[in-house]
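To keep things clear, I will list the structure first and then write my remarks on it.
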Amino acid sequence: MVSRVRSLGLQGIGGYEVSCECFLSNGLPAFDIVGLPDAAVKEARERVRAAIKTAGLGFPVSRLTVNLAPADTKKAGTVYDLPIMLGILLCSGELKSLPEDAAFIGELSLTGEVRGVRGALPMALHAAKCGIKELFVPAENASEAAFAQEIKVYPLRSVGELLSHLKGEALIAPAESPKISDYALPVPDFADVKSQENVKRALEVAAAGGHNILLVGPPGSGKSMLAKRLPGILPDMSRQEMTEATEVHSVAGNTTPDRPIVSLRPFRSPHHTVSNVAMSGGGSNPRPGEISLAHTGVLFLDELPEFSRDTLEVLRQPLEDGKITVSRAAGSCSFPSRFMLVCAMNPCKCGWYGHSGGRCRCTESSLRQYQSRISGPLMDRVDIIVEVPALDFDSLRSRPKGETSAEIKARVNAARAIQSRRFGDKGASCNAYMQPKDMREHCALSSECEELMRGAFEALGLTARSYDRILRVARTIADLDSSEDILPQHIAEAVQYRSYTLYDSN
């Protein structure tokens, strides 16, 4: 006898439909799983056998073959335990039938409990595209999967609960889509930061346009403190952005029953010892790396020159393309990587180059060696470079009441609203991602602005890429001023953010 149960699998951060086919035949007792299963899928045999017996049901003493189709795609993880069990129960006559428009995912314990799996949301989204109307998932994944619309999600805690529902004895109530407001987390406030008004302004511009930014200053000047408060002024996430971010974090196993949806923009801060694979993603079954986990949010690299140069060079293509393709022997996977790059660094190895106290003892060669760890092409992809000066005693002792993150965020949201109306649903999501066509239309310059740009281009030795990035930043500054046109003061401020040099031999 042959049975068929609909299920789902993961490839990268996308789901795909898997058909679990079970064939029960005469012969010596055996239990084989085919369809390119990995070790975790093969071990499902013992989990399924124990779960069926502990549920008080009979396990067939016959030759049993399970095929996971499509058979040419590698299957990984414990997501297939539940459909394999149901297929066996259909073949043995313990179950009469299953709904044709239903799919099942979940890991089984030896006692018949249903445990959570990774990637519930991407699989639920694909299930809706495939015409599946009912999706049975572990209870701890139910809120996450219910975020996908146009599909009923049933939470499962045990095999007995599922069988009672399928037999019509005790129906399970569908899970409700989570309320996003319930998952907001507190973040540090900009009101805690003393002075550094120029840096706060630069971070506001970066947040409003999604621009990459580098903070340069001596130890203790507040670079990390400022960067960690950036999530509090980033614009609110759209539902599409929440979905994309949650898909990545779900596949990585970072979602929890308490926080099933990523509703606050991610802030990733890997240590400078991070490897290339941890940064870009990969593995035998490719998983997203730090640059993908920062998708729709911030990737903060503290002590930038301490990172391996090869690791930093991994960032170059994703910063331009907004995605990264990881190729391994098992296949290729593309992960989204549209993030804000925020970096912090000391101006030299000791950290005190340029300080008025004359504390720096670095030689010219050590300065060049330290700063040459960051390549020119990577620096060219940074939109804003701002100096974070050390605070004097009077600034530290003063108690000025600075702007709160909420006040700054209100202006950032207003600027992003202007950009949303400008680009619509199919265009760039913010000014940092404008294409040449968008720039020709929305970054037209007056003759006075062109003269300013000409002078900056020649004086600073700008490249074509840095020229475009100045225009994008100027467009963002104009949006913060609610100005339809880019004015000379907008160009001047944008140029100022590119004029800082790390080292001056004169």
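General observations
- Computed across the stretch 262-329, the Kirkwood hydrodynamic radius from all distinct Cα-Cα pairs reaches 12.4 Å.
- Summing charges over neighbours of LEU57, with a neighbour being any other residue whose Cβ is under 13 Å away from its Cβ, gives +2 when K and R count +1 and D and E count -1.
- Taking label positions 7 Å along the Cα-Cβ direction at both ASP258 and GLU46, the computed distance is 3.3 nm, reported to one decimal.
- Estimated translational diffusion coefficient (Stokes-Einstein, Kirkwood radius over Cα pairs, 25 °C, 0.890 mPa s) of the stretch 227-266: 228 µm² per second.
- The coefficient of translational diffusion for the stretch 68-187, derived via Stokes-Einstein from the alpha carbon Kirkwood radius under 37 °C and 0.692 mPa s, stands at 217 µm²/s.
- Solvent-accessible surface ranking, highest first, for MET434, MET225 at 1.4 angstrom: MET225, MET434
- Counting 0.36 nm for each residue step from THR111 to GLN149 and taking away their Cα separation leaves a gain of 10.5 nm.
- Stretchable slack from ASP425 to ALA69, in nm (0.36 nm times residue separation minus alpha-carbon distance): 124.5 nm
- Within-15-Å neighbourhood charge of GLY297 [Cβ basis; K, R +1; D, E -1]: +3
- Dimensionless Rg over Rh [the chain; C-alpha; Kirkwood]: 1.08
- Between the stretch 1-72 and the stretch 158-208, the alpha-carbon center distance in angstrom: 35
- Model label zone, ALA444; criterion: amide N under 15 Å from point 7 Å along Cα-to-beta-carbon; scope the stretch 469-490: 484-487
- Where a label projected 7 Å from the Cα of GLU451 along Cα→Cβ would reach, residues of the stretch 458-472 with amide N under 17 Å: 458-459
- Within the stretch 33-50, backbone nitrogen closer than 11 Å to the virtual label 7 Å beyond the Cα of VAL2 toward Cβ: none
- With distances taken between every two different alpha-carbon atoms, the stretch 1-57 has a Kirkwood hydrodynamic radius of 13.4 Å.
- Dividing the convex hull volume of the alpha carbon atoms of the stretch 82-130 by its residue count gives 82 Å³ per residue.
- FRET efficiency estimate (nearest 0.05) - Cβ-Cβ, ALA414 to ASP392, R0 30 angstrom: 0.30
- Carbon + sulfur, % of accessible area of the chain - ligands and nucleic acids excluded, 1.4 Å: 48
- Length-normalised contact order of the chain in % [C-alpha pairs under 8 Å, at least 6 apart]: 13
- Counted charge near LEU230, where neighbours are those whose Cβ lies closer than 10 Å (Asp, Glu -1; Lys, Arg +1): +2
- Spin-label model, LYS96 to LYS401: label points 7 Å out along the Cα-to-beta-carbon direction sit 7.2 nm apart.
- Computed over protein heavy atoms with a 1.4 angstrom probe, the accessible surface ordering of LYS437, LYS401, largest first, is LYS401, LYS437.
- The angle between the Cα long axis of helix 464-480 and the longest principal axis of the Cα atoms of the chain comes to about 90 degrees, rounded to the nearest 10.
- Annotation: LYS42 carries an accessible surface of approximately 100 Å², with a 1.4 Å probe and no ligand, DNA or RNA atoms counted.
- Annotation: amide H of VAL314 has no partner in the under-5 Å range at sequence separation 5 or more or interchain, hydrogens built in the peptide plane.
- Counting heavy atoms of the protein chains alone, ARG201 has an accessible area of about 70 Å² for a 1.4 Å probe.
- Set of lysines with alpha-carbon distance to LYS53 below 22 Å, sequence-local pairs under 8 removed: LYS42, LYS96, LYS167
- Within the chain, helix-based [θ] at 222 nm, where runs of 4 or more DSSP H residues each add -39,500 (n - 2.57), nearest 500: -10000 deg cm²/dmol
- The long axis of helix 405-423 is offset from the longest Cα principal axis of the chain by roughly 80 degrees.
- Ellipsoid equivalent to the stretch 379-493 - semi-axes via the Cα gyration tensor, in Å: 28, 21, 13
- When both the stretch 273-320 and the stretch 329-391 are represented by their alpha-carbon centers, they are found 15 Å apart.
- Accessible-area rank, largest first, for TYR353, TYR370, TYR433: TYR353, TYR433, TYR370, with all protein chains present and a 1.4 angstrom probe.
- Taking the DSSP bridge list for the stretch 104-193 and keeping only pairs wholly inside it, about 35 percent are antiparallel.
- Ligands, DNA and RNA aside, GLU451 has an accessible area near 110 Å² when probed at 1.4 Å.
- Taking Cα atoms only, the orientation of helix 81-92 departs from the longest principal axis of the chain by about 20 degrees.
- Applying 1/(1 + (r/R0)^6) with r as the Cβ-Cβ distance of GLU197 and SER308 and R0 = 41 angstrom yields a FRET efficiency of 0.75.
- Heavy atoms of the protein chains alone define the surface here; on that basis the chain has 45 Å² accessible area per residue at 1.4 Å probe size.
- For the cross-link pairs LYS75/LYS133; LYS179/LYS401; LYS200/LYS323; LYS152/LYS409; LYS223/LYS349, the ones whose C-alpha atoms lie over 25 Å apart are LYS179/LYS401; LYS200/LYS323; LYS152/LYS409.
The values are calculated or read from the model by the stated rules, or taken from the named source; none is laboratory data. Just so you know, these numbers come straight off a predicted model, no measurement behind them. All Cβ positions, glycine included, derive from the backbone under ideal geometry; neighbour counts span all protein chains shown. SASA here: full protein model, heavy atoms, side chains in, ligands and nucleic acids out. Shrake-Rupley method; radii C 1.70, N 1.55, O 1.52, S 1.80 Å.
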